[in-house]
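Data first, discussion second: the structure below is written as structure tokens.
The values are calculated or read from the model by the stated rules, or taken from the named source; none is laboratory data. Keep in mind it's a predicted model, so treat the numbers as computed, not measured. Every residue, glycine as well, gets a Cβ built from its backbone with ideal geometry; the counts of neighbours run over all protein chains shown. Heads up: the accessible areas ignore ligands, DNA and RNA and are worked out on the full protein's heavy atoms, side chains in. Shrake-Rupley method; radii C 1.70, N 1.55, O 1.52, S 1.80 Å.
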Amino acid sequence: MATLAHEVDHHHGPARGILRWVFTTNHKDIGSLYLWLALIMFLTGGSLAMLIRAELFQPGLQLVEPIVFNRLTTMHGLIMVFGAVMPAWTGFANWMIPMMIGAPDMALPRMNNWSFWLLPFAFSLLMSTWFLDGGAPAFGWTFYAPLSTTFAPSTTDVFIFAVHLMGFSSIMGAINVIATVLNMRAPGMTLMKMPLFCWTWLVTAFLLIAAMPVLAGTVTMMLADRHFGTSFFNAAGGGDPVLFQHVFWFFGHPEVYIMILPAFGVVSEIIPTFARKQIFGYASMVYAISAIAFLSFIVWAHHMFATGMPVAGELYFMYATMLIAVPTGVKVFNWVTTLWRGSISFETPMLFALAFVFLFTIGGFSGLMLAIGPADMQYTDTYFVVAHFHYVLVPGAVFALMAGAYYWIPKWTGHMYNERLGKLHFWLSAISVNVLFFPMHFVGLQGMPRRIPDYALQFADFNRISSIGGFVFGLSQLLFVYIMIATVRGGVKATDRVWEGSHGLEWTLPSPAPYHSFTTAPEIP
Amino acid sequence: MNLVRGATDYSHRVFDLHMISLWVCIAIGVVVFGAMFYSLFAFRKSRGAVASNFHENTTVEVLWTIIPFIILIAMAIPATKTLIALEDTTDSGLTIKITGYQWRWQYDYLDQGVSFFSNLAATSRDATKGDPKSVEHYLLEVDEPLVVPINTKIRFVITSNDVIHSWWVPALGWKQDAVPGFINDSWTNIPQPGVYRGQCAELCGKDHGFMPIVVEAKTREDYETWLTAKKAEAEAAKSGADREWTKDELVERGKTVYSTYCVACHQANGQGIPPAFPALAGSVIATGPVEGHIDRVLHGKPGTAMQAFGLQLNDVDLAAVITYERNAFGNDKDDFVQPRQIKAAR
């Protein structure tokens, strides 16, 4: 009887206490866990960025030694990519995909639990290197050999193990998304009726499954070079250090789309809602996502124009890279045409989504400039590149994450967030992010290399401006944390539809959404 | 604020490419953002805008796929020509081999028999924790610049002794990675005398930010004068290795060598940055038998950051720096090493 009572209990709501979170197989619980982890990692990686900007505030070495500076940039990159952006998107996938396709939960709930719980261990390991002999990794988030093999401290092995754990977690998360999307859609929801967020995540999941094993292979080759006498990346033993860059970027370029495709999805949900008008070209959006995903696998060596590739290789990678502008343009044109003759209102999620379109496109422009091979040999490894990828990742991916959080948190918690504070957070972030990153274009063009702890005097003014923007941006995010926690704890009761222009199955559920999303499949019109 | 236009015909071509793509981006930006901000203004709900319900228009969608494609082709044509020009290193009048080290550059004039290292100038190194603003060309000054003749096609062959570095002088219009075990090449032809500055552009460890590059382009005559002097200097160093040196001479010279080659890791006070960079003050090697000390400095310690300085320093400098280390930071071995001992130990 006790067992039966327990089971009944289990099917009607969450277990009590801390074990709920340890053993949970519920997509919403696991989604929340992912989002909290991502937020903690965002603040951790952000704190490292604050230290970087403090050191770069003026010429000279004031706060940290050069080796510590290298550890800061490396850990900042690793934490933001693998700890903040990727888990945050998996959190959104967990929360939203079952609700958007009319399913009760994810297809593989136990694996879901495991794929989350690997991550806290992975990041504890990674962070533990700060306290070990040899120190945290200092070879950049791209960890080029042989700096990361022959010339790296013993803690590199801990880093390798942590990367493996993150990879397992991502691959399992991706398998779960694919299984859910392909098997658990409500009857009548064909693939071409599916919300664009689900489409972007389906494609992202395939990218993850193809790319993460390559990363695992890369770090395993490093491990073999370091300890088992192989010479994959060591010319003295017949290997090639540039091979490392090929395999790394074969993972690394799809990786940037892994971080940005779900952002495209969120923005494609939000803009129609607040323009009160359906997306202009649904089918062309789907084709554009797929085209970008395909192209992402055949352009990797545009990160390597200066490595001494043969000219034919350089030309091919230049042309292929320039092609990405076509489907990316299609997406931006679609968003703008969706706004055209709509009925637009500017709630916080819409503000973040519009800033995304504007600022991501600026990042896209610098991306197009970087694609031009001969010009790239001036830009590459300078602050121009730093500006480029921060534009696509911060006012790109991170703004889309924030837009999504404001958009769906009423559905998650049953409470409206504070709109005034939300707008304040938006304006502080949107202005400071440009003060932070736009001057980086200028210092990069003037000749400032990236990853240097100290710089020549002509770069001083713009670096100071960047640092001030950085501090304001960093502090503004504490406001975001406050708004989110306050909304979880209470607030004005949200309606089921939440937004006037909302569309999609998630808005047919009560707010907050029930523990199991759709226990019977909804009708699809 | 803008890209460096540079000093060579090639760098001007790159600059032109940069400006073309920048203007293309600005033009597209004006159209797209114009439409976007017009919509945000004109179709606001607060102004009473009512949403229409149009969607999908094949003509528009085909157009906005084809037009960008055509623009891209227009951009690709000049880019292709420039790239092919950069790869053409034939018919050069001078070949210089550049080798990256943690953290300095070595320049070998392959046909002239001249070879030297180029380090961050001591004035900059001393100012990192002092007053950078007081130093001219802070972090962009070296002890010995690369000197090249003007109006000569110079071929660079670029490699590395340890990790990957990248040799970049913005005014020349390109950067090229220095990869250990491989040789990359590139070229330049500088029309005007002048001093052009750059930095290592690929993260190469602790002092990545402190290995600048200075190229001095001189007229043919000035270059030849410099070359002759450089050769004489090398001869003098060679003969210096054969005479006996006094301890004071060695310590004085050793201090200079130490502050160029050793100070980054072992620090000015000899305390190092343990555990990666051990202290020399009171160390087993620096206060132990002189043979062990010579061996460590000559051959390095594999698997650590300690390089084989036998490859980088001549006998006199090695003898001097070893003598200095044995008699500084509180180490008072009171012995010293002659250049011929180094020669014997090589």
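Hey, can you tell me all the residues within region A:375-384 that are assigned to a helix (DSSP H, G or I) and hydroxyl-bearing (Ser, Thr, Tyr)? Break it down into steps so the answer makes sense when it comes.
From region A:375-384, those assigned to a helix (DSSP H, G or I) are A:375-379, A:383-384; that's our starting set.
Passing the criteria: A:379, A:383.
Do we have any residue at all in region B:7-26 that's outside any helix (DSSP H, G or I), touching a residue at least 40 places away in the same chain (Cβ under 8 Å) and open to solvent by less than 50 Å² (accessible area, probe 1.4 Å)?
So in region B:7-26, the residues outside any helix (DSSP H, G or I) come out as B:7-8.
Restricting the remaining residues to those that are touching a residue at least 40 places away in the same chain (Cβ under 8 Å) gives B:7-8.
This time we only want the ones that are open to solvent by less than 50 Å² (accessible area, probe 1.4 Å), so: B:7-8.
Looking for residues that are outside any helix (DSSP H, G or I), touching a residue at least 40 places away in the same chain (Cβ under 8 Å) and open to solvent by less than 50 Å² (accessible area, probe 1.4 Å), one finds at least one in region B:7-26, hence yes.
Filter region A:130-146 down to the residues that are surrounded by fewer than 24 Cβ atoms within 10 Å (Cβ to Cβ) and either under 20 Å from the mean Cα position of the chain (by Cα) or touching a residue at least 24 places away in the same chain (Cβ under 8 Å) (or both) and list them by number. Give the steps one after another, and end with the answer.
Step one: of region A:130-146, the residues surrounded by fewer than 24 Cβ atoms within 10 Å (Cβ to Cβ) are A:130-135, A:140-142, A:144.
Within region A:130-146, A:130, A:132, A:135, A:140, A:141, A:142, A:144 qualify.
Looking at (1) more than 14 Å from every other protein chain (Cβ to nearest Cβ); (2) closer than 27 Å to residue A:396 by Cβ; (3) surrounded by 24 or more Cβ atoms within 10 Å (Cβ to Cβ), which is the only condition residue A:122 fails?
(3)
Give me the pairs, please: first residue somewhere in region A:339-353 and more than 7 Å from every other protein chain (Cβ to nearest Cβ), second residue anywhere and surrounded by fewer than 21 Cβ atoms within 10 Å (Cβ to Cβ), beta-carbon distance under 6 Å, and either six or more positions apart or on two chains.
From region A:339-353, the pairs are A:348/A:423.
Restricting attention to region A:64-87, does a residue exist that is outside any helix (DSSP H, G or I), in contact with a helix residue (DSSP H, G or I) (Cβ under 8 Å, 6 or more places away or on another chain) and not acidic (Asp, Glu)?
Yes, there is a match, as at least one residue in region A:64-87 is outside any helix (DSSP H, G or I), in contact with a helix residue (DSSP H, G or I) (Cβ under 8 Å, 6 or more places away or on another chain) and not acidic (Asp, Glu).
Give me the residue from region B:164-182 that is outside any strand (DSSP E or B) and more than 7 Å from every other protein chain (Cβ to nearest Cβ) and, out of that set, surrounded by the most Cβ atoms within 10 Å (Cβ to Cβ).
As a first pass, look at region B:164-182 and keep what is outside any strand (DSSP E or B): B:164, B:170-173, B:179, B:181-182.
Narrowing further to those that are more than 7 Å from every other protein chain (Cβ to nearest Cβ): B:171-172.
Numbers: B:171: 20, B:172: 29.
Within region B:164-182, the match that is surrounded by the most Cβ atoms within 10 Å (Cβ to Cβ) is B:172.
Please go through (1) more than 8 Å from chain A (Cβ to nearest Cβ); (2) touching a residue at least 24 places away in the same chain (Cβ under 8 Å); (3) of a type in the set (S, T, N, Q) for residue B:59 and return the number of the only condition it doesn't satisfy.
Unmet condition: (2).
Considering only residues that are at the interface with chain B (Cβ under 9 Å from one of its Cβ atoms), open to solvent by 10 Å² or more (accessible area, probe 1.4 Å) and either of a type in the set (Ser, Thr, Tyr) or in contact with a His (Cβ under 9 Å, 6 or more places away or on another chain) (or both), which ones fall in region A:232-260?
Across region A:232-260, the qualifying residue is only A:240.
State whether the residues of region A:503-520 include one that is among the β-branched types (Val, Ile, Thr) and either under 30 Å from residue A:439 (Cβ atoms) or open to solvent by less than 70 Å² (accessible area, probe 1.4 Å) (or both).
Filtering region A:503-520 down to residues among the β-branched types (Val, Ile, Thr) leaves A:508, A:519-520.
Filter once more, keeping what is either under 30 Å from residue A:439 (Cβ atoms) or open to solvent by less than 70 Å² (accessible area, probe 1.4 Å) (or both): none.
No: zero hits.
Please specify each residue of region B:40-66 satisfying the condition of being in a helix (DSSP H, G or I) and open to solvent by less than 60 Å² (accessible area, probe 1.4 Å). Outline the logic, then answer.
First pass over region B:40-66, keeping only residues in a helix (DSSP H, G or I): B:40-42, B:45-47, B:58-66.
Residues satisfying the conditions are B:40, B:42, B:60, B:61, B:64, B:65.
Mind counting the residues in region A:286-329 that are open to solvent by 40 Å² or more (accessible area, probe 1.4 Å) and hydroxyl-bearing (Ser, Thr, Tyr)?
Count: 4.
When you scan region A:150-161, do you find a residue that is in a helix (DSSP H, G or I), open to solvent by 10 Å² or more (accessible area, probe 1.4 Å) and polar (S, T, N, Q), even just one? Lay out the reasoning, then the answer.
Initially, region A:150-161 is screened for residues in a helix (DSSP H, G or I), giving A:156-161.
Keeping just the survivors that are open to solvent by 10 Å² or more (accessible area, probe 1.4 Å) gives A:157-158, A:161.
Next, from what is left, pick out any that are polar (S, T, N, Q): none.
Checking region A:150-161: not a single residue is in a helix (DSSP H, G or I), open to solvent by 10 Å² or more (accessible area, probe 1.4 Å) and polar (S, T, N, Q).
Kindly list the number of the only condition in (1) under 21 Å from residue A:385 (Cα atoms); (2) of a type in the set (Val, Ile, Thr); (3) not in a helix (DSSP H, G or I) that fails for residue A:260.
(3)
Of the residues A:204, A:230, which single one is β-branched (Val, Ile, Thr) and not in a helix (DSSP H, G or I)?
On the way: A:204 fails: not in a helix (DSSP H, G or I).
From the options A:204, A:230, the qualifying one is A:230.
Filter region A:162-194 down to the residues that are open to solvent by 20 Å² or more (accessible area, probe 1.4 Å), part of a loop (DSSP other than H, G, I, E, B) and not polar (S, T, N, Q) and list them by number.
Selection gives A:184, A:185, A:187, A:188.
Looking at (1) under 27 Å from residue A:387 (Cα atoms); (2) more than 8 Å from chain B (Cβ to nearest Cβ), which is the only condition residue A:322 fails?
So residue A:322 meets the others, but not (2).
Considering only residues that are surrounded by 15 or more Cβ atoms within 10 Å (Cβ to Cβ), within 20 Å of residue B:299 (Cβ to Cβ) and small (Gly, Ala, Ser), which ones fall in region B:326-346?
Within region B:326-346, just B:345 meets the criteria.
Residue-by-condition table, conditions (1) open to solvent by 10 Å² or more (accessible area, probe 1.4 Å); (2) without any contact (Cβ under 8 Å) to a residue 60 or more places away in the chain:
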residue	(1), (2)
A:357	no, no
A:360	yes, no
A:367	yes, yes
A:377	no, no
A:383	yes, no
A:389	yes, no
A:416	yes, no
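Checking residue A:448 against (1) open to solvent by 10 Å² or more (accessible area, probe 1.4 Å); (2) among the aliphatic types (A, V, I, L, M); (3) farther than 29 Å from residue A:40 by Cβ; (4) out of contact with any Gly (no Cβ under 9 Å at 6 or more places or on another chain): exactly one of these is not met. Which one?
Result: residue A:448 passes all but (1).
Looking at (1) touching a residue at least 40 places away in the same chain (Cβ under 8 Å); (2) over 11 Å from the mean Cα position of the chain (by Cα), which is the one condition that is false for residue B:178?
(2)
If residue A:485 passes every condition in (1) over 24 Å from the mean Cα position of the chain (by Cα); (2) more than 30 Å from residue A:441 (Cβ to Cβ) but one, which one does it miss?
Only one criterion is unmet by residue A:485, namely (1).
Please state which of the following conditions residue B:26 fails to meet, knowing it meets all the rest: (1) over 42 Å from the mean Cα position of the chain (by Cα); (2) more than 7 Å from chain A (Cβ to nearest Cβ); (3) not aromatic (Phe, Trp, Tyr).
Residue B:26 satisfies all of (1) over 42 Å from the mean Cα position of the chain (by Cα); (2) more than 7 Å from chain A (Cβ to nearest Cβ); (3) not aromatic (Phe, Trp, Tyr) except (1).
Exactly one condition in (1) within 8 Å of another protein chain (Cβ to nearest Cβ); (2) at pLDDT 95 or above is not met by residue A:308; state its number.
(2)
On the given criteria, is residue A:298 away from every other protein chain (no Cβ under 11 Å), at pLDDT 95 or above and not in a helix (DSSP H, G or I)? It would help to see each step written out before you state the result.
Details: away from every other protein chain (no Cβ under 11 Å): yes; at pLDDT 95 or above: yes; not in a helix (DSSP H, G or I): yes.
Yes; evaluated as a whole, the condition is true for this residue.
Scan region A:252-264 and give yes if some residue there is more than 30 Å from residue B:65 (Cα to Cα) and out of contact with any Cys (no Cβ under 6 Å at 6 or more places or on another chain), otherwise no. So that I can check it myself, show each step before the final result.
Narrowing region A:252-264 to residues more than 30 Å from residue B:65 (Cα to Cα): none.
Taking every residue of region A:252-264 in turn, none turns out to be more than 30 Å from residue B:65 (Cα to Cα) and out of contact with any Cys (no Cβ under 6 Å at 6 or more places or on another chain).
Among the residues of region B:218-255, write down those that are at pLDDT 85 or above and of a type in the set (S, T, N, Q).
Matches in region B:218-255: B:219, B:225, B:228, B:246.
Test residue A:218 against the criterion of being within 25 Å of residue A:272 (Cα to Cα), surrounded by 18 or more Cβ atoms within 10 Å (Cβ to Cβ), in contact (Cβ under 8 Å) with a residue 24 or more places away in the chain and among the hydroxyl-bearing types (Ser, Thr, Tyr), and give yes or no.
Numbers: within 25 Å of residue A:272 (Cα to Cα): no; surrounded by 18 or more Cβ atoms within 10 Å (Cβ to Cβ): yes; in contact (Cβ under 8 Å) with a residue 24 or more places away in the chain: yes; among the hydroxyl-bearing types (Ser, Thr, Tyr): yes.
Answer is no for this residue.
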